[in-house]
Amino acid sequence: MCRWLGLLLAASVVGLGAAQASESEVKDHRPVLLGAESYTEGWDQYFYFEDGTFLAVQFFISNYGPTDHRAMVIGSLSSSQSNEPMVIKNGRGRKDWSFEDSKLDLKVANHRFSGTHPHYRLYLRNSRGEVDLNVEASVDPWRLGHIPDAASEIFQYVSYIMPMARAQGRFRRGSESTGSAGPWKTLRDGRGFAIRYLNNSALSKVARSWVRVATIDTQDPSSPVFYLVQRPGQKQSSFLAITVGGEIRQQWTGFPVTLVIPEQDAPNEAEHDAEDYRLPPDAIQFQITGADGTVTGNITMTRLLQRFDFVRELKRIERFFVRFLNTPVHYRYLAQYDLSYQGKEGGQRLTGTALAEIMTLKR
């Protein structure tokens, strides 16, 4: 029998600032650069390739550490050909990284994320390795906006800048791993998504956890994209879109979501406060009824691709500045979805494979 947890999830790493960002000020292509002590904003990308290689890349900016608006890049590539993931990471102070005002072009050390819809390039390089990808978005951006709303003093801004995308390129391990740069290996038929976010306050004030899900493989003409954030006090914000032909065709917000955690993983209630015990769900279930139609079904996690502890990848001085904070642990999965959609034009069943990215706070 399963233990049911209905509610959970949310954003990235954050902080409250002297400046507030109105909806018109948040741009998907450039940072806002708030003055908050621990605010965070960034761009996350996730791709799964035909040979089983998985790549997660985070470009983010925060006021953690000794300087304001420090930029960091953390890329983690898990290959079916190696037991050890290749982690490429660097951080730079504000004077040593750059961006463009008019288009997406982030440069941190030798790393770069650039382009205009639908064509992008993602490039990472240091002594640990090198990744070079060409990315093409197959669906127009889906801007969820401010959560809970633009008038809130504490909020998160979220946009799927690429709700669905394809990638191809190559990677190789660097001299730090092998003593000399390894041979290039081709990455084919990568599928995934990219998100732009901004948190204007500390992570624990903005989000307790989140779930991001996007389709990577289906035979259906329609595909779901899903986002769920559990805010403090068990306040939930949920979003679902159905894409058709590269466009967001239908959207629903504010519907109840149930997260299912296996009984053997549920906390011993005599020893744990349920609010402090946060494991990723095995399944997500929802039932939506609205003017645009009804959607029922579930998303089931089928294969764990990566568990990523953000703090472990920080330098000692950076860990010192975040050691008293709730810190995020990211779980990346392959998932299967099975949804029934009934709209004005009739009904259909949506099935396929998705990538899921789940963040929970580590105590």
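The values are calculated or read from the model by the stated rules, or taken from the named source; none is laboratory data. Note that the structure is a prediction, hence the values are computed from the model and not measured. Cβ placement follows ideal geometry from the backbone for every residue including glycine, while neighbour counts extend to all protein chains displayed. Remember, those area values only see protein heavy atoms, side chains included, never the ligands or the DNA or RNA. Shrake-Rupley method; radii C 1.70, N 1.55, O 1.52, S 1.80 Å.
Can you give me the relative contact order of the range 141-241 as a percent, contacts being Cα pairs under 8 Å and 6 or more apart?
RCO, the range 141-241: 23 percent.
Treating cross-link reach as a plain straight distance, find the lysines whose alpha-carbon is under 16 Å from the alpha-carbon of K103, omitting any fewer than eight places away in the same chain.
Reachable lysines: K27.
Relative to 2.2 N^0.38 Å, what does the C-alpha radius of gyration of the range 78-216 come to as a ratio? Two decimals please.
Against the compact-globule rule of thumb, the ratio is 1.20.
Let me make sure I get this right: for the range 128-175, a, b and c are the square roots of the gyration tensor eigenvalues over alpha carbons, sorted descending. Under 1.5 in a/c it's rounded, otherwise prolate if a/b > b/c, else oblate. Which is it?
Oblate, because a/c is 1.5 or more while a/b does not exceed b/c.
Going by the alpha-carbon gyration tensor, a ≥ b ≥ c the square roots of its eigenvalues, is the range 38-141 rounded (a/c under 1.5) or, if a/c is not under 1.5, prolate (a/b greater than b/c) versus oblate?
Values: a/c = 2.01, a/b = 1.26, b/c = 1.60.
Since a/c reaches 1.5 but b/c is at least a/b, the shape of the range 38-141 is classed as oblate.
At a Förster radius of 25 Å, what calculated FRET efficiency corresponds to the Cβ-Cβ distance of Q336 and N134, to the nearest 0.05? Numbers along the way, then the final one.
Values: r = 28 Å, r/R0 = 1.12.
So the FRET efficiency works out to roughly 0.35.
Let's test the formula: R0 of 41 Å, r as the Cβ-Cβ distance of R121 and T302. What FRET efficiency results, to the nearest 0.05?
The calculated FRET efficiency here is 0.85.
Sort L33, L361 by accessible area with a 1.4 Å probe, largest first. Could you put the intermediate results ahead of the total?
Working: L33 45, L361 5 Å².
Final ranking, largest accessible area leading: L33, L361.
May I have the extent of the alpha carbons of the range 168-237 along their three principal axes, as whole Å values ordered from largest to smallest?
51, 38, 16
Dividing the convex hull volume of the Cα atoms of the range 32-92 by its residue count, what figure in Å³ per residue is obtained?
Hull volume over Cα atoms, normalised by residue count, gives 77 Å³.
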